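Below is one structure, written out as structure tokens, with a few remarks after it.
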Amino acid sequence: MSSTQLSRAQVFCLCALVCLASSSIDITIPAVPGIAEQFQVSQGQGQLLIATYLMGFALAQLPVGLLSDRYGRLPILFTGLGCYLVSSWLASQATSFDSLLWARFAQGIAGTTGAVIARAIVRDCSEGIELAKLSAMLVTSLAVATLAAPLVGSFILEFASWPSIFFANMTFATLLIVCFALLFKETSSQATRHKSRAQHLYQQLHQSAASFMTTRQSLWAASLVGCAFLGYMAIVGSLATVVVDVYDMSSTMVGWSFAAAACFYILSSTFNRLTVSRYGPWQLLQWGMLFTLFGTPLLVWALIAEQPSFGLIWLALIPFLTGLGLVLANGTAIALQPMGHMAGFAAAMLGTGQIACGALGSYLAAQFYAGSAHAMLGMVAVASVILLVTYWWGKGKGTN
């Protein structure tokens, strides 16, 4: 299948599919304080609902990528979505915080199929500027999901209790199954599947990993995506606690405040999609670095303040979130470009690093939380510095 064969409906389905993980994470943000209160755990422990999902999500990336190269995209996708339905139902029925965390872990494993398969299909069907355009559309969709999901979660909690959040997850997964069954045929080449199945699974893993790790462009761009996501998930994992516990605002305000900041992420992602044909992914990636560079002193300013105002926190986060849209879209396209022969595994490697860094950011922000916004801001500042160093190191090595 070539890029010209992707209809608008198919592109829309891919955009929805890649949002499965984001919607699963962000829709629960307004519910975190209430869940923590119901199960009588601390607000910091409540943030583990995010980190636990991400841990399962990261661990399943490589198996999903390998199996999709081996057996095809659609069989793995339908299996994963079916497991996602079951784990979401188990989460809705949880009677203890531990059982809820295990269900979230399983939900994360099953939800891996969304990001891996969507990216793999995009790489199957496109390359070059077209790949950059489609990658930008996926990132824009993620940004919209980041905006919409907390609002949807807040809306649900106005009329129902937190288990209804997981029923919403089940509804979304069911719609995805129907749409992909009706609109898609297998996109991976028969030759790729035959070559993968001719090898032992361990041999396939070894050769694919060696190919990715020795391709400097892919490894460098994947590192940038991971660093950016570390800071982003520190925000996602801590925001509900900061808004409710530190600034004494309602759970409804969690969704609205996060959505207001995410607008900058959406604007940069949309700008990227509209201009990538003119400037190319490398130039736009550089602009994303400039936003990060500009925002780092603001983060330091907020950290120095003993009790930064709510407005100062958002002022410090806006440049990072704006640059995020440019880094994720172009970093993804640059990383996947040389990997057409193993798109599933490459998408999995990209996702593994991204989500592992995200889980680390969320976990550390939770562990260092001490009743203020400093842990969240500190993690974003650390991520910004590492991101800038990695970018300039790669450029110095002649990556492009």
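The values are calculated or read from the model by the stated rules, or taken from the named source; none is laboratory data. Please read all numbers here as calculations on a predicted model, not as lab measurements. Here Cβ is always computed from backbone atoms with ideal geometry, including for glycine, and neighbour counts include all displayed protein chains.
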Considering only residues that are under 26 Å from the mean Cα position of the chain (by Cα) and closer than 14 Å to M339 by Cβ, which ones fall in the stretch 182-206? S188
Residue count, the stretch 300-344, condition under 21 Å from the mean Cα position of the chain (by Cα), more than 23 Å from V242 (Cα to Cα) and surrounded by fewer than 24 Cβ atoms within 10 Å (Cβ to Cβ), comes to 2
Scanning the stretch 345-355 for residues that are of a type outside the set (A, V, I, L, M, F, W, C) and within 15 Å of G111 (Cα to Cα), which turns out surrounded by the fewest Cβ atoms within 10 Å (Cβ to Cβ)? T352
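Among the residues of the stretch 9-24, are any surrounded by 16 or more Cβ atoms within 10 Å (Cβ to Cβ) and aromatic (F, W, Y)? Write out each step before concluding.
Within the stretch 9-24, the subset surrounded by 16 or more Cβ atoms within 10 Å (Cβ to Cβ) is 10-11, 13-24.
Narrowing further to those that are aromatic (F, W, Y): none.
No, that holds for no residue.
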Qualifying helices (runs of 4 or more DSSP H) (wholly inside the stretch 187-275; at least 2 residues being free of Cβ contacts under 8 Å to residues at least 12 places away in the same chain and loosely packed, with under 15 Cβ neighbours inside 10 Å): 190-198, 201-213
Got a sec? Which of T146, T113, T95 is out of contact with any strand residue (DSSP E or B) (no Cβ under 7 Å at 6 or more places or on another chain) and part of a loop (DSSP other than H, G, I, E, B)? T95
Going by what's in this entry, would L48 be described as crowded, with 20+ Cβ neighbours inside 10 Å and not β-branched (V, I, T)? yes
Evaluation of R193 against (1) farther than 25 Å from I355 by Cβ; (2) in contact with an Asp or Glu (Cβ under 6 Å, 6 or more places away or on another chain) (one fails), failing number: (2)
Find all pairs meeting these conditions: Cβ atoms under 7 angstrom apart; at least six residues apart or on different chains; first residue within the stretch 317-344 and touching a residue at least 24 places away in the same chain (Cβ under 8 Å); second residue of a type in the set (D, E). Q337/E127; G340/E127; M342/D69; A343/D124; G344/D69
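Return yes or no: is M376 surrounded by fewer than 24 Cβ atoms within 10 Å (Cβ to Cβ) and at negative phi?
Values: surrounded by fewer than 24 Cβ atoms within 10 Å (Cβ to Cβ): no; at negative phi: yes.
Considered against the rule, which asks whether it is surrounded by fewer than 24 Cβ atoms within 10 Å (Cβ to Cβ) and at negative phi, M376 comes out as no.
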Pairs under 8 Å by beta carbon, first residue closer than 25 Å to C179 by Cα in the stretch 78-107, partner surrounded by fewer than 19 Cβ atoms within 10 Å (Cβ to Cβ) and polar (S, T, N, Q), six or more apart or different chains? L85/T174; L90/S99; S92/S164
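Is it fair to say R278 is basic (K, R) and in contact with a Lys or Arg (Cβ under 9 Å, 6 or more places away or on another chain)? First the steps, then the outcome.
On the way: basic (K, R): yes; in contact with a Lys or Arg (Cβ under 9 Å, 6 or more places away or on another chain): no.
It is false that R278 is basic (K, R) and in contact with a Lys or Arg (Cβ under 9 Å, 6 or more places away or on another chain).
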Exactly one of these conditions fails for S161: (1) assigned to a loop (DSSP other than H, G, I, E, B); (2) more than 25 Å from A21 (Cβ to Cβ). Give me its number. (2)
In the set A145, A120, the lone residue that is at pLDDT below 90 and either closer than 23 Å to F12 by Cβ or surrounded by fewer than 21 Cβ atoms within 10 Å (Cβ to Cβ) (or both) is A145
What's the number of the condition G358 fails, among (1) over 14 Å from S135 (Cβ atoms); (2) surrounded by 23 or more Cβ atoms within 10 Å (Cβ to Cβ); (3) modelled with pLDDT of 90 or more? (3)
